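Report on the structure given below.
The values are calculated or read from the model by the stated rules, or taken from the named source; none is laboratory data. Quantities reported herein were computed from a predicted structural model and do not represent experimental measurements. Glycine gets a Cβ as well: all are built from the backbone with ideal geometry, and neighbour counts include every protein chain shown.
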Amino acid sequence: MAAIKLHGNSHSTAVRRVLACLYEKELEFEFVFVDRNIGQHKKEPYLSLQPFGQVPALEDGDLKIFESRAITNYIAKEYGDKGTQLIYTSGTQMAEMLVWMEVEAHQFNPAFSNLKLLVQASRRGSPMSTAVVEECEAKFSKVLDVYEARLGQSEYLAGDGFTLADLHHLPTISYLMATEYKKLFDSLPHVSAWVANITARPAWVKALATKDQQ
Ligand SMILES: N[C@@H](CCC(=O)N[C@@H](CS)C(=O)NCC(=O)O)C(=O)O
């Protein structure tokens, strides 16, 4: 049995963030299905792993942790000698990486969440008003404009190497690329080239292809 157990389900963006990291690091792991349709994530024993009742959660031997970004940070540091080097540990590049990891969590992800709500409302057949749609689009585009400027200076967010700062965006970007909000990326050449580059990584392709083990 693998020492690492990832608990979750494959269509969750937060779970896919961790899957991408595990595949980049070429680690063996067991993917334990959490059936959200029957509320397994809101009951024991799962709540002992993730007290907020969300996926993912990770076990590595005796260690039990949750929060997808904390998990990827742990994996990247603990298994530093395996697979892709996903973090810088010193100097300017580390500082840039930390900045863009925070930007993803506190600027990009909230703006993404608004667009996801629009997509979900529209799919339910109760679309939001034009004013709300325009406001959410404008907020997201304002964030992307900052990315366009940054990616005009370097291939990846933290410099010339792919790091967790880039990886953390993969699930949310891929989600949007399959919606009408792809249009918000299309007019930005540096952002578009970065998106094409990072979404073509074999580890990400593998994460998207991973199915639940029911
Ligand atoms: N900040 C958490 C967010 C986790 C999260 O929102 N998970 C969603 C699936 S993508 C979930 O479990 N939703 C069910 C719920 O909140 O009840 C992380 O990154 O791990």
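Remarks
- Beta carbons closer than 7 Å, at least 6 apart along the sequence or on distinct chains, pair a first residue in the range 5-27 that is modelled with pLDDT of 95 or more with a second that is assigned to a strand (DSSP E or B) and among the small types (Gly, Ala, Ser) for HIS7/ALA57; VAL15/GLY8.
- Restricting the range 51-63 to residues that are under 12 Å from VAL34 (Cα atoms) and near the ligand (Cβ under 8 Å from one of its atoms), the residue that is surrounded by the fewest Cβ atoms within 10 Å (Cβ to Cβ): GLY53
- Test: residue in the range 34-42 that is under 21 Å from SER174 (Cα atoms), within 16 Å of the ligand (Cβ to nearest atom) and modelled with pLDDT of 95 or more: no
- Every test in (1) in contact with a strand residue (DSSP E or B) (Cβ under 9 Å, 6 or more places away or on another chain); (2) more than 10 Å from the ligand (Cβ to nearest atom) is passed by ASN73 save one, and that test is (1).
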